[in-house]
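Undergrad: I have a structure I would like to understand better, so I am pasting it below and will then ask my questions one at a time.
The values are calculated or read from the model by the stated rules, or taken from the named source; none is laboratory data. Please read these numbers as outputs of a predicted model, since none were measured by experiment. Cβ atoms come from the backbone with ideal geometry, glycine included; neighbour counts cover every protein chain shown.
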Amino acid sequence: MCTVVIRIPERSGDPTLVLAIRDEDPERPWNPLGRWWPEPHAGVVGVRDARAGGAWLAADPAAGRLSVLLNRADVSTRPESELVSRGGLVLESVAGRSPQGAPATHGFNLVEVHGSRARVLTWDGDSLREIELSPGTHMIAHEDVDDPATPRIERWLGEFRSQAPADDERWWMPWVEVLERSAALESTDDRAIIRDNRPYGFPTLSLLACVASVSDEGVEARYGELREPGRWGGLDLT
């Protein structure tokens, strides 16, 4: 139940700005933002799933591409033995190879950024859809883009839209301030962004966040972990 906030620029050539919060089982090991992969992904920077070897978020700075994966419920009846990890989709995506047809994975929302443009590929186990994101600020979780039926989107999208990124190198701070305000809610509240999903039958809690500025000239990304899973204690993005 990850969350992504993304701002698409009005002018072509301006950067796309991304804030991504990762919810995962704290017992599933990961590697922080870095260069973890050999050829053909040697230039890729990302957050690596140490168990399956794929990525939650990855960027190819030389190509001006960034992708991030959010889990989504699906209606697939395919047996688990026929399915593969979704993390490989992210590495393929930043290499310019987007999923097609009927991916052999559980459901997902795959956010793809290329310079000043972005889209979301949605797979529900039945159909693969593409949503091109218009200029402005959008929010994605485990259902559709800007979905008002998702409580955290209904509650916080307006605040993210009203907080223009700062006009300096710490552009993400107004969005982090929204995150901090959102953490006044209990982490089990449906409207919470910093989450504890265990009461809903999932072993996942909010663990970390990344921010990224993506343009044709490159990708600048930062990473920070929460001091305690599912709890706000500040966020040092380095």
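Undergrad: Got a sec? Which of Ile21, Ile8 is within 22 Å of Thr204 (Cβ to Cβ), among the aliphatic types (A, V, I, L, M) and either out of contact with any Phe, Trp or Tyr (no Cβ under 9 Å at 6 or more places or on another chain) or surrounded by fewer than 20 Cβ atoms within 10 Å (Cβ to Cβ) (or both)? Give the steps one after another, and end with the answer.
TA: Numbers: Ile8 fails: within 22 Å of Thr204 (Cβ to Cβ).
Among Ile21, Ile8, only Ile21 is within 22 Å of Thr204 (Cβ to Cβ), among the aliphatic types (A, V, I, L, M) and either out of contact with any Phe, Trp or Tyr (no Cβ under 9 Å at 6 or more places or on another chain) or surrounded by fewer than 20 Cβ atoms within 10 Å (Cβ to Cβ) (or both).
Undergrad: Answer yes or no: is there a residue in the stretch 65-78 that is touching a Pro at 6+ places or on another chain (Cβ under 6 Å), part of a strand (DSSP E or B) and either in contact (Cβ under 8 Å) with a residue 24 or more places away in the chain or of a type in the set (Ser, Thr, Tyr) (or both).
TA: no
Undergrad: Which of the residues spanning the stretch 119-147 are in contact with a Lys or Arg (Cβ under 8 Å, 6 or more places away or on another chain), within 13 Å of Phe108 (Cα to Cα) and not in a strand (DSSP E or B)?
TA: Of everything in the stretch 119-147, those that are in contact with a Lys or Arg (Cβ under 8 Å, 6 or more places away or on another chain), within 13 Å of Phe108 (Cα to Cα) and not in a strand (DSSP E or B) turn out to be Asp124, Gly125, Ala141, His142, Glu143.
Undergrad: Within the stretch 209-225, restricting attention to residues that are aliphatic (A, V, I, L, M) and either farther than 22 Å from Arg155 by Cβ or surrounded by fewer than 22 Cβ atoms within 10 Å (Cβ to Cβ) (or both), which residue is nearest to the chain's Cα centre (by Cα)? So that I can check it myself, show each step before the final result.
TA: Step one: list which residues in the stretch 209-225 are aliphatic (A, V, I, L, M), which gives 209, 211-212, 214, 219, 221.
Then drop every residue that is not either farther than 22 Å from Arg155 by Cβ or surrounded by fewer than 22 Cβ atoms within 10 Å (Cβ to Cβ) (or both), which leaves 212, 214, 219, 221.
Details: Ala212: 11, Val214: 14, Val219: 15, Ala221: 13 Å.
Residue satisfying both the conditions and the ranking: Ala212.
Undergrad: Here is a follow-up. Determine whether the stretch 81-100 contains at least one residue that is assigned to a loop (DSSP other than H, G, I, E, B), in contact (Cβ under 8 Å) with a residue 12 or more places away in the chain and among the charged types (D, E, K, R). Please lay out each step first, then the result.
TA: The first filter runs over the stretch 81-100 and keeps only residues assigned to a loop (DSSP other than H, G, I, E, B), leaving 83-86, 95-100.
Now restrict to residues that are in contact (Cβ under 8 Å) with a residue 12 or more places away in the chain: 83-86, 95-96, 98-100.
When the remaining residues are screened for being among the charged types (D, E, K, R), the result is 86.
Yes.
Undergrad: Restricting attention to strands (runs of 3 or more DSSP E) lying wholly within the stretch 1-50, give those where 1 or more residues are among the basic types (Lys, Arg) and within 16 Å of the chain's Cα centre (by Cα).
TA: Values: elements: 3-8, 16-24, 30-34, 45-49.
Hits in the stretch 1-50: 3-8, 16-24, 45-49.
Undergrad: Okay, next question. Looking at the stretch 101-118, which of its residues are part of a loop (DSSP other than H, G, I, E, B) and surrounded by 18 or more Cβ atoms within 10 Å (Cβ to Cβ)? Can you show your working first?
TA: Within the stretch 101-118, the subset part of a loop (DSSP other than H, G, I, E, B) is 101-107, 115-116.
The answer is Pro103, Thr105, His106, Gly107, Gly115, Ser116.
Undergrad: Here's a follow-up. I'd like the residue in the stretch 28-48 that is in contact (Cβ under 8 Å) with a residue 24 or more places away in the chain and either among the hydrophobic types (A, V, I, L, M, F, W, C) or under 15 Å from Leu226 (Cα atoms) (or both) and, out of all such residues, is surrounded by the fewest Cβ atoms within 10 Å (Cβ to Cβ).
TA: Only one residue fits best here, namely Pro32.
Undergrad: Let me ask something else. Taking the stretch 179-226, which residues are within 18 Å of Val47 (Cα to Cα), assigned to a loop (DSSP other than H, G, I, E, B) and touching a Leu at 6+ places or on another chain (Cβ under 9 Å)?
TA: Within the stretch 179-226, the subset within 18 Å of Val47 (Cα to Cα) is 204-214, 218-226.
Next, from what is left, pick out any that are assigned to a loop (DSSP other than H, G, I, E, B): 204, 226.
Result: Leu226, single match.
Undergrad: Condition first: of a type in the set (A, V, I, L, M, F, W, C) and buried (at least 20 other Cβ atoms within 10 Å of the Cβ). Now tell me which residues in the stretch 49-91 satisfy that. If you could, list the steps in order and put the result at the bottom.
TA: From the stretch 49-91, those of a type in the set (A, V, I, L, M, F, W, C) are 50, 52, 55-59, 62-63, 66, 68-70, 73, 75, 83-84, 89-91; that's our starting set.
Once the filter is applied, which keeps residues that are of a type in the set (A, V, I, L, M, F, W, C) and buried (at least 20 other Cβ atoms within 10 Å of the Cβ), the stretch 49-91 yields Ala55, Trp56, Leu57, Ala58, Ala59, Leu66, Val68, Leu69, Leu70, Leu89, Val90, Leu91.
Undergrad: Just to be sure, is Ser187 under 26 Å from Glu92 (Cβ atoms) and either over 18 Å from the mean Cα position of the chain (by Cα) or exposed (fewer than 15 other Cβ atoms within 10 Å of the Cβ) (or both)?
TA: Details: under 26 Å from Glu92 (Cβ atoms): no; either over 18 Å from the mean Cα position of the chain (by Cα) or exposed (fewer than 15 other Cβ atoms within 10 Å of the Cβ) (or both): yes.
Here the answer is no, as Ser187 does not meet what is asked.
Undergrad: Anything in the stretch 148-162 that is part of a loop (DSSP other than H, G, I, E, B) and either surrounded by fewer than 18 Cβ atoms within 10 Å (Cβ to Cβ) or at pLDDT below 95 (or both)? List them, or say none.
TA: Within the stretch 148-162, the first condition is being part of a loop (DSSP other than H, G, I, E, B), and the residues that meet it are 148-150.
Of everything in the stretch 148-162, those that are part of a loop (DSSP other than H, G, I, E, B) and either surrounded by fewer than 18 Cβ atoms within 10 Å (Cβ to Cβ) or at pLDDT below 95 (or both) turn out to be Pro148, Ala149.
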